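Taking it in order: structure first as structure tokens, then the write-up.
Laboratory data are not the source of any read-out in this text; all were calculated from the coordinates shown. Values in this document were obtained by computation on a predicted structure and should not be read as measured data. Counting neighbours? That spans all protein chains shown, and the Cβs are built from the backbone with ideal geometry, glycine included.
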Amino acid sequence: MTIPRRSWRGAGALVAAAVAGLTGGAVLAGPAVAHTPTWAVTCSEVTVDLTDYTGDVPNTVTVSVDGKDLLPTETFGREFHKKLALLDHDEPVTVRLVVKDADGEGKHSIDRTKTAEVCEEEPSQTASEPAPSRTPPSGTPEPSATPGDEPSESASAVPASSPSAPDLAETGSSPSTPVLVAAAVAVLLAGGGILWAVRKRRTVQD
């Protein structure tokens, strides 16, 4: 069976139309995956990553926190990557990202907001610190337990009183005192006897 030449031409036109449709669809699908804005907000920083933008036009990006500029308007080309530190805050704050696409009608421009929560306080260091050691410092020697440091029994012993010695109060006299007293009495008696003899002799003579 022979197919007419016109039929071949019609089939070729259909194939060309199908290829053109697929190609056009691919071309139209290209911009849909471009212009990729990615950003993240934590309690302490903001991360901005912008990729696949048109490189030969002045795209701009701005980041603000509660209406105050964190990143003043900055121009970029195909890509933009930056991390921005947030100031300390004791209540949640609103972070706003504004990206203006300078290509065409700017249909890939964005204006989005996220909330930065308050950072949790770090645990106190005093709670995690180990308890102080009870051992004395290395520079202070511990008291020795050797027998040499114990008090000597001979030094601490109280001398016992002799059982033979009478418990008499000390008067300052010595054992020779009675002898001296007796000698003094004898001298006095002798002197008295001599004096009496002399007086008697004088009486006889008179």
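Annotation: amide H of Arg78 has no partner in the under-5 Å range at sequence separation 5 or more or interchain, hydrogens built in the peptide plane.
Note that region 57-62 has calculated 3J(HN,Hα) couplings of 10, x, 6, 10, 9, 9 Hz, one per residue in order, obtained from phi through the Karplus relation 6.51 cos²θ - 1.76 cosθ + 1.60 (θ = phi - 60°); glycine and proline are x.
Label-to-label distance for Arg78 and Val179 is 13.5 nm, based on points extended 7 Å past Cα in the beta-carbon direction. Residue ranges 185-198, 60-73, 78-91 sort as 60-73, 78-91, 185-198 when ordered by packing (mean number of other C-beta atoms within 10 Å per residue, highest first).
The stretch between Asp111 and Asp90, if pulled fully straight at 0.36 nm per residue, gains 5.0 nm over its current Cα-Cα span. In order along region 65-72, the Karplus-derived 3J(HN,Hα) couplings, from 6.51 cos²θ - 1.76 cosθ + 1.60 at θ = phi - 60°, round to 10, 6, x, 9, 5, 9, 10, x Hz, and Gly and Pro are given as x. The stretch between Leu71 and Ala102 holds 9.3 nm of extra length on full extension. This uses 0.36 nm per residue minus the Cα-Cα distance. If a spin label sat at a point 7 angstrom from the Cα of Thr47 along the line to its beta carbon, the backbone N atoms of region 84-108 nearer than 20 Å would be those of 84-88, 93-99. Label positions at Ala190 and Val57, each projected 7 Å from the Cα along the C-beta direction, are separated by 15.5 nm.
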